[in-house]
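Here's the structure we're looking at; comments come further down.
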Amino acid sequence: MSLIIATGSNQGNCEENLQNAQAVLETHFKLIKSSRVYSSKAVDYCDQPFFLNQVHEFEIPKKAPAEIMTLLLSIERSLGRERKLEKGPRIIDLDILFFGNLISDTEHLNLPHPRLFERSFVLRPLSELPYYKVLEQQFKFNFNFEIDASPI
């Protein structure tokens, strides 16, 4: 079982933002593997720059998922994220996609991440990780997208 975290950026030096996020995440969690970086148009709020996205697989930590979500929000702030416009441009975005096979539906955390199945910029990099083989036994993944992501 693994902790799967997605990272995204579309402001400033996006590649550097993803690298910084990964470096901070690795101070808290043991990395198993990272995907390649993918580029895609924004979804939902489309009047903004392209995003770069990456997905990381970590060993399951001894922290509860809600604690991890609180930590991710703190890391976002420390890396310069300001929440001015919902789904708008951002220096960094960190999302828990999976925490093993845990299912959660609370105000603070939904697992698996509720929109991951609709997002090429999540599913394409996720499919590169070892834990994907486990996930595809439990979930049906569709790789036909209106807005598609490509590795950079």
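The values are calculated or read from the model by the stated rules, or taken from the named source; none is laboratory data. What you see is a predicted model; the values in this text were computed from it and never measured. Every residue, glycine as well, gets a Cβ built from its backbone with ideal geometry; the counts of neighbours run over all protein chains shown.
General observations
- Of all the residues in the range 138-152, those that are closer than 22 Å to Leu31 by Cβ and assigned to a loop (DSSP other than H, G, I, E, B) number 2.
- Just one of the listed residues (Leu97, Leu135) is in a strand (DSSP E or B) and either modelled with pLDDT of 95 or more or surrounded by 15 or more Cβ atoms within 10 Å (Cβ to Cβ) (or both), and it is Leu97.
- Candidates Ser120, Ser78: the one that is closer than 26 Å to Phe50 by Cα and surrounded by 19 or more Cβ atoms within 10 Å (Cβ to Cβ) is Ser120.
- Those residues of the range 45-67 which are touching a strand residue (DSSP E or B) at 6+ places or on another chain (Cβ under 6 Å) and either part of a helix (DSSP H, G or I) or buried (at least 19 other Cβ atoms within 10 Å of the Cβ) (or both), in sequence order: Phe51, Leu52, Asn53, Gln54, Val55, His56, Glu57, Phe58, Pro65
- Among the candidates Lys133, Lys140, residue that is closer than 19 Å to Leu3 by Cβ and either hydrophobic (A, V, I, L, M, F, W, C) or over 16 Å from the mean Cα position of the chain (by Cα) (or both): Lys133
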